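Chemist: One structure follows; several queries about it will come next.
The values are calculated or read from the model by the stated rules, or taken from the named source; none is laboratory data. Quick caveat, the model's predicted, so the values are computed rather than measured. A quick note on method: Cβ atoms are made from the backbone with ideal geometry, for glycine too, and the neighbour counts reach across all protein chains shown. With ligands, DNA and RNA removed, areas are computed over all heavy atoms of the protein, side chains included. Shrake-Rupley method; radii C 1.70, N 1.55, O 1.52, S 1.80 Å.
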Amino acid sequence: MLSLSLRDLVVPGPDGPLLSLPRLDLPEGALVGVRGPSGAGKTTFLHAVAGLRPGATGRVRWGGTDLLGLSDEARTGFRARHIGMIFQDFLLFDELGALANAALPAMFRPRSERAALRARAQEVLTGLGLPQTARTVASFSGGERQRVGIARALAADAPVLLADEPTASLHRAAAEQLIDDLVRLAREGGRTMIAVSHDEALLSRMDLVLTIEGGMLAGDALRGAA
C-alpha cells in the first residue's frame, strides 16, 4: 500500500495554473472520491498524481517516491508497477479479446514476469464475471468493457488505482455493479483508490470526498467506510 503526499503542486496552463494544491495527505488504503464541476481540474489532478502532467512542479510523493523528482523513464516504470488506471472511455483494442486487452501491461514487463501477469489478468476477469471467451471486446457491453479495463489496471497487482469517471458511460444497473466491483477489489487488496466522478452513488462509497473548483481544493467531507 502507498500513501500520497502533495506539497505545492502546480500544473501550469496557457492562462495560469490549471491546478494549484499547496498541501494534501491521503493515507494508504483510502478510497477517495473527487467531485467538482466540469473543467474544474479533476482530471488534471488525477493525471498529476500519476506523474502524467509535463511541467508540473512541487512534490507528488507516493510512499517514499517523489514522482516529479524522477526521470521520464523512471516515472513510467513506477506507474507500470504501482499505479493502475481506469478510463471513462475504456481505451481497449476492439480487435482483441478480454484477456489480450487485460494482459497488455505484460508487453512492457520483463519476459520472466509476463506469465504471472497474464495469469493475474485472467484471475481478475474471472472474478469480475468475464470467463474465457473467443469474442473480441468489440461485441462487449459497456459494463463488460469497463470490467476489462479494471482487470487491465489490476493485472500488475498495483497498490494504487486511479479512475476517471469510471461509471459515466454505463447505464445505471451496470454502473451499480461496477461500483460494487471497484470497492470490493480495492478493499480486498488494501489498495489506495482515487476516483474522479459525478456519480453520487460511487462517491457515497468512498472514505473521503474532495471537491476541486477552479483548479483548487475547495473542501472535503469525511464519509464512513463502505
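Chemist: For the stretch 58-96, which positions are modelled with pLDDT of 90 or more, under 28 Å from Gly16 (Cβ atoms) and in contact with a helix residue (DSSP H, G or I) (Cβ under 7 Å, 6 or more places away or on another chain)?
Modeler: Across the stretch 58-96, the qualifying residues are Gly58, Arg59, Val60, Trp62, Leu67, Leu70, Arg75, Met85.
Chemist: Identify all residues within the stretch 11-48 that are of a type in the set (Ser, Thr, Tyr) and over 23 Å from Gly84 (Cα atoms); write none if there are none.
Modeler: If the condition is that a residue be of a type in the set (Ser, Thr, Tyr) and over 23 Å from Gly84 (Cα atoms), then Ser20, Ser38 are the ones that fit.
Chemist: What strands (runs of 3 or more DSSP E) completely inside the stretch 143-226 contain at least 2 residues that are over 26 Å from Met107 (Cβ atoms) and at pLDDT below 90?
Modeler: Strands (runs of 3 or more DSSP E) meeting the threshold: 216-222.
Chemist: Still on this structure: Does the stretch 14-33 hold any residues that are surrounded by 13 or more Cβ atoms within 10 Å (Cβ to Cβ) and closer than 15 Å to Arg53 by Cβ, and which are they?
Modeler: Those that are surrounded by 13 or more Cβ atoms within 10 Å (Cβ to Cβ) and closer than 15 Å to Arg53 by Cβ: Pro17, Leu18, Leu19, Ser20, Leu21.
Chemist: Kindly establish whether Arg7 is open to solvent by 70 Å² or more (accessible area, probe 1.4 Å) and more than 17 Å from Met206 (Cα to Cα).
Modeler: So Arg7 fails the test.
Chemist: While we're on this one: Consider Ile86 against the criteria (1) touching a strand residue (DSSP E or B) at 6+ places or on another chain (Cβ under 7 Å); (2) within 25 Å of Pro27 (Cβ to Cβ); (3) open to solvent by 30 Å² or more (accessible area, probe 1.4 Å): it satisfies all of them except one. Which criterion is unmet?
Modeler: Every listed condition holds for Ile86 apart from (3).
Chemist: What are the residue pairs meeting all of these: first residue in the stretch 124-135, first residue over 13 Å from Ala102 (Cβ atoms), second residue open to solvent by 50 Å² or more (accessible area, probe 1.4 Å), Cβ atoms under 9 Å, and 6 or more apart or on different chains?
Modeler: The qualifying pairs are Gly129/Gln177.
Chemist: OK, next. Among the residues of the stretch 120-132, are any over 27 Å from Ser3 (Cα atoms), modelled with pLDDT under 90, surrounded by fewer than 16 Cβ atoms within 10 Å (Cβ to Cβ) and in contact with a Leu (Cβ under 9 Å, 6 or more places away or on another chain)?
Modeler: Within the stretch 120-132, one or more residues are over 27 Å from Ser3 (Cα atoms), modelled with pLDDT under 90, surrounded by fewer than 16 Cβ atoms within 10 Å (Cβ to Cβ) and in contact with a Leu (Cβ under 9 Å, 6 or more places away or on another chain).
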